[in-house]
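Each remark here refers to the structure printed beneath this line.
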Amino acid sequence: MNTHTSAELFKFAKSEKDARKKIRYLAVAHYRDNHNKTQIAAMLHVSRRMVNEWVKRYLNEGLTGLDAKKPIGKRCYLNDAQQTQLFQYIEKYSQNRQRW
């Protein structure tokens, strides 16, 4: 799973278009080159905590662990039926209204 060499990780970073993912690849590549996490954080201008998180996710999940995580938003209080009913209501009563 996490058997990539530092050279492979640097290559992935070079070809990556997403700047944030590129930094994650570089952090793990430098870790594979036996740099300590404090040095890596200083080189990449990120916190040591983030370097720790990225390395941990890489070691546990491989390259997929370096993908961006979907942000967690507030839970919706309406169930699917209620959402459908609300959308229908809005569509029905918003068509006849004029603006300004």
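Rule-based calculations on the coordinates, nothing more; no lab input. Keep in mind the model is a prediction, meaning the values are calculated, not measured. When we count neighbours, we look across all protein chains shown, and the Cβ atoms used for this are built from the backbone with ideal geometry, even at glycine.
Evaluated with a Cβ-only charge set (Lys, Arg +1; Asp, Glu -1), the chain carries a dipole of roughly 340 debye about its Cα centre, given to the nearest 20.
Ordering M50, T3, A13 by Cα displacement along the dipole of the chain toward the positive end leaves M50 in first place; charges were set at the Cβ atoms of Lys, Arg (+1) and Asp, Glu (-1). For the pair region 60-85 / region 1-39, the C-alpha centres are spaced 27 Å from each other. Charge tally around G65: other residues with Cβ under 13 Å, Lys/Arg +1 each, Asp/Glu -1 each, net +2. With a threshold of 18 Å on the Cα-Cα distance, the over-threshold entries among K14/K56; K22/K69; K11/K69; K17/K74 are K14/K56; K11/K69; K17/K74.
Among the chymotrypsin sites (Phe, Trp or Tyr not before Pro) in region 1-78, those located in a DSSP loop and surrounded by at most 13 other Cβ atoms within 10 Å of their own Cβ are Y77. Taking every C-alpha pair closer than 8 Å and separated by at least 6 residues, the mean separation divided by the residue count of the chain gives a relative contact order of 24 percent. Axis of helix 48-61 versus longest Cα principal axis of the chain: the two differ by about 90°, to the nearest ten degrees. Taking the C-alpha atoms only, the angle from helix 19-32 to the longest principal axis of the chain is near 30 degrees.
In the chain, what trypsin sites (Lys or Arg not before Pro) fall in a loop by DSSP, with at most 15 other Cβ atoms inside 10 Å? Here the trypsin sites (Lys or Arg not before Pro) that fit, given the DSSP loop and packing criteria, are K17, K69, K74, R75, R97, R99. Of the labelled figures (i) 1.34; (ii) 1.21; (iii) 1.01, only one reflects Rg/Rh (Cα atoms, Kirkwood Rh) as derived from the coordinates, namely (i).
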